[in-house]
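First comes the structure, then the notes that go with it.
The values are calculated or read from the model by the stated rules, or taken from the named source; none is laboratory data. Small disclaimer: the values here were computed from a predicted structure and weren't measured. Glycine also receives a Cβ, built like all others from the backbone with ideal geometry; neighbour counts cover every protein chain displayed.
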Amino acid sequence: MLKSRIEALFEKSPEDFTHQDLETFEEFKRALNAGAARAAEPDPAAPHGWRVNAWVKRGILVGFRMGRTVDMTDAGSRFTFWDKATYPPRKLTIEDGVRVVPGGSSLRDGCYVGKSVTCMPPMYINVGGYVDDGSMVDSHALVGSCAQIGKNCHLSAAAQIGGVLEPVGALPVIVEDNVLVGGNCGVYEGTIVKKSAVLGAGVVLTRSTPVYDIVNGAEHKARDGGPLVIPQGAVVVPGSRPIGSGRGKDWGLSLYAPVIVKYRDEKTDARVELEELLR
């Protein structure tokens, strides 16, 4: 079983790796590319609907320990690159059904990219990343290591979906189906964005930043080691809250605060549907 072999590799010292171990790792990478191995996957029994597969993260870390740094510069290129031999750029063919627009995008070997995904230049998907069918990764957007992106999502220009590779038991950032992530957004530290949510341009989500739901009078924050969870259909925009004491109050300062101003309705859906014209 691949899982048990990867777990055994993780316990080995780098100097003890063999050619057979490298073959096991290449098999593991093929499973990542095919979406058969995922750093996290839906699980209705889990507290927030997702389960971490720590063995997959261990397998990715094995690749960094196993690989030596080599010259990856293309012949005749003015740009030079050196990286781990185990993680070259991922090679795609027309049969993969992925649209990679010319202009400097890169997908690292060991990421899954589903059918009809559009990659606008320049963008980057790191090892362990999972981008499901019909999604768009726009210019200057990042899908970090192990981040999970659902179906028919749009990561707008300069959106940053942070990677969570270590600790291996930590939930990565998860963006569920039909989510629109606006330009210059940042989603970090294992945040879960539930289905059909909309993050307005410039929203930043972390474990330490509470989100204020003015529709329901609720405050969403990471609790008891769990992730920050953005509710299904929530429309989040950047906001601020005044500092209530001390120098901050005296100086009239405010702190950044993401705000849920409404939940998705027909008007929001019509605006989001315009994204389909780009696919």
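Can you confirm whether the stretch 78-86 contains a residue that is among the small types (Gly, Ala, Ser), part of a loop (DSSP other than H, G, I, E, B) and crowded, with 16+ Cβ neighbours inside 10 Å? Break it down stepwise before answering.
Applying the first criterion (among the small types (Gly, Ala, Ser)) to the stretch 78-86 yields 85.
Still in the list and also part of a loop (DSSP other than H, G, I, E, B): 85.
Still in the list and also crowded, with 16+ Cβ neighbours inside 10 Å: none.
No, the conditions are met nowhere in the stretch 78-86.
Here is a check on your reading of the model: is SER145 under 26 Å from ARG58 (Cβ atoms), touching a residue at least 24 places away in the same chain (Cβ under 8 Å) and not basic (Lys, Arg)?
In short, yes.
What is the residue count in the stretch 218-252 for residues that are polar (S, T, N, Q) and either closer than 25 Å to ALA201 by Cα or assigned to a strand (DSSP E or B) (or both)?
Count: 2.
State yes or no: is ILE125 closer than 24 Å to ASP43 by Cβ and out of contact with any Lys or Arg (no Cβ under 9 Å at 6 or more places or on another chain)?
When the stated conditions are applied, ILE125 does not pass them.
Restricting attention to the stretch 1-55, which residues are of a type in the set (Asp, Glu) and either in a strand (DSSP E or B) or within 30 Å of LYS115 (Cβ to Cβ) (or both)?
GLU23, GLU26, GLU27, GLU41, ASP43
What are the residue pairs meeting all of these: first residue in the stretch 156-171, first residue assigned by TED's automatic domain parsing to the domain that holds THR191 and touching a residue at least 12 places away in the same chain (Cβ under 8 Å), second residue surrounded by 18 or more Cβ atoms within 10 Å (Cβ to Cβ) and of a type in the set (Asp, Glu), Cβ atoms under 9 Å, and 6 or more apart or on different chains?
Partner pairs satisfying both residue conditions: SER156/ASP138; ALA157/ASP138; ALA158/ASP138; ALA159/ASP138; GLY162/GLU189; VAL164/GLU189; ALA170/GLU189.
Evaluate the stretch 95-104: report whether one residue or more is outside any loop (DSSP other than H, G, I, E, B), modelled with pLDDT of 95 or more, more than 14 Å from ASP133 (Cβ to Cβ) and within 20 Å of the chain's Cα centre (by Cα).
First, the residues of the stretch 95-104 that are outside any loop (DSSP other than H, G, I, E, B): 95-96, 99-100.
Among the residues that remain, those that are also modelled with pLDDT of 95 or more are: 95-96, 99-100.
Next, only the ones that are more than 14 Å from ASP133 (Cβ to Cβ) stay: 95, 100.
When the remaining residues are screened for being within 20 Å of the chain's Cα centre (by Cα), the result is 100.
Yes, that holds for at least one residue.
Report yes if GLY63 is of a type outside the set (S, T, N, Q), within 18 Å of the chain's Cα centre (by Cα) and surrounded by 14 or more Cβ atoms within 10 Å (Cβ to Cβ), otherwise no.
Considered against the rule, which asks whether it is of a type outside the set (S, T, N, Q), within 18 Å of the chain's Cα centre (by Cα) and surrounded by 14 or more Cβ atoms within 10 Å (Cβ to Cβ), GLY63 comes out as no.
For the stretch 164-192, how many residues meet the condition of being more than 16 Å from SER208 (Cβ to Cβ) and not aliphatic (A, V, I, L, M)?
11
Considering only the stretch 116-143, state which residues are within 11 Å of the chain's Cα centre (by Cα) and among the β-branched types (Val, Ile, Thr).
Matches in the stretch 116-143: ILE125, VAL127, VAL131, VAL137, VAL143.
May I ask you to say which residue of GLY163, GLY190, GLY128, GLY202 is in a loop (DSSP other than H, G, I, E, B) and touching a strand residue (DSSP E or B) at 6+ places or on another chain (Cβ under 6 Å)?
Details: GLY163 fails: touching a strand residue (DSSP E or B) at 6+ places or on another chain (Cβ under 6 Å); GLY190 fails: touching a strand residue (DSSP E or B) at 6+ places or on another chain (Cβ under 6 Å); GLY128 fails: touching a strand residue (DSSP E or B) at 6+ places or on another chain (Cβ under 6 Å).
One residue alone meets the criteria, GLY202.
Scan the stretch 1-44 for residues that are closer than 27 Å to VAL173 by Cα and of a type in the set (Asp, Glu) and jot them down.
Listed by number, the residues that qualify are GLU7, GLU11, GLU26, GLU27, GLU41, ASP43.
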